[in-house]
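First comes the structure, then the notes that go with it.
The values are calculated or read from the model by the stated rules, or taken from the named source; none is laboratory data. Being a predicted model, the structure only gives us computed values, none of them experimental. Please note: Cβ atoms are built from the backbone with ideal geometry, for glycine as well, and neighbour counts cover all protein chains shown.
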Ligand SMILES: Cc1cc2nc3c(=O)[nH]c(=O)nc-3n(C[C@H](O)[C@H](O)[C@H](O)COP(=O)(O)O)c2cc1C
């Protein structure tokens, strides 16, 4: 059966580098035979998680749609920007909202057993690598299988043209290979 891969970045920024990175990995997954979906996390953005507001927002259209997307896909490609040596509040907030029970359904059905490929990038020389193990730990602890290969892309600001196309051929094939690996592992 065709495997379904969902990609998103933990950035709400329109011109996010991580959105560009995950799209290249997603192309690799598509070439490997997967059915692919890219989403902008801001379309599913919810308030900063507050347990007092769970009843109000957990059944919101945004949360339910995001949950359904996670549930209906076999694997995820997540671009995880490094903010102060950790992950972005947008990504953590989305994971938190998507991990609480809704209408009697177990919360973690969204992540349990799902395969995940991670990527980060930064303008500097370390490629945002410090956010990767933190993202990995969070997702692993809620039941996802985060694949061991990952990509941290240094000087990401120099890797795409003005139209958002990747210009570094070696990087392109490495990212696409990660997408293929994700699909092959799920198969
Ligand atoms: C609050 C904040 C903290 C940041 N901390 C780091 C950091 O610790 N290390 C790093 O490499 N970049 C850091 N950055 C830069 C981001 O990695 C950079 O803006 C990146 O492009 C964000 O990803 P995006 O382009 O997908 O939005 C930080 C940016 C912000 C706004």
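Can you confirm whether residue 6 is over 22 Å from residue 127 (Cβ atoms) and surrounded by 20 or more Cβ atoms within 10 Å (Cβ to Cβ)? Explain how you work it out, then say what you get.
On the way: over 22 Å from residue 127 (Cβ atoms): yes; surrounded by 20 or more Cβ atoms within 10 Å (Cβ to Cβ): yes.
Here the answer is yes, as residue 6 does meet what is asked.
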| query | Do we find a residue being within 16 Å of the ligand (Cβ to nearest atom), within 13 Å of the chain's Cα centre (by Cα) and part of a loop (DSSP other than H, G, I, E, B) anywhere in segment 94-114? | reply | no
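Does residue 33 satisfy the condition of being under 16 Å from residue 185 (Cβ atoms), assigned to a loop (DSSP other than H, G, I, E, B) and in contact with a strand residue (DSSP E or B) (Cβ under 8 Å, 6 or more places away or on another chain)? Explain how you work it out, then say what you get.
Values: under 16 Å from residue 185 (Cβ atoms): yes; assigned to a loop (DSSP other than H, G, I, E, B): yes; in contact with a strand residue (DSSP E or B) (Cβ under 8 Å, 6 or more places away or on another chain): no.
Answer is no for this residue.
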Residue count, segment 71-92, condition part of a helix (DSSP H, G or I), over 13 Å from the mean Cα position of the chain (by Cα) and over 15 Å from residue 13 (Cβ atoms), comes to 2
Screening 173, 148, 140 for residues that are surrounded by fewer than 20 Cβ atoms within 10 Å (Cβ to Cβ), at pLDDT 95 or above and in contact with a strand residue (DSSP E or B) (Cβ under 6 Å, 6 or more places away or on another chain) leaves only 140
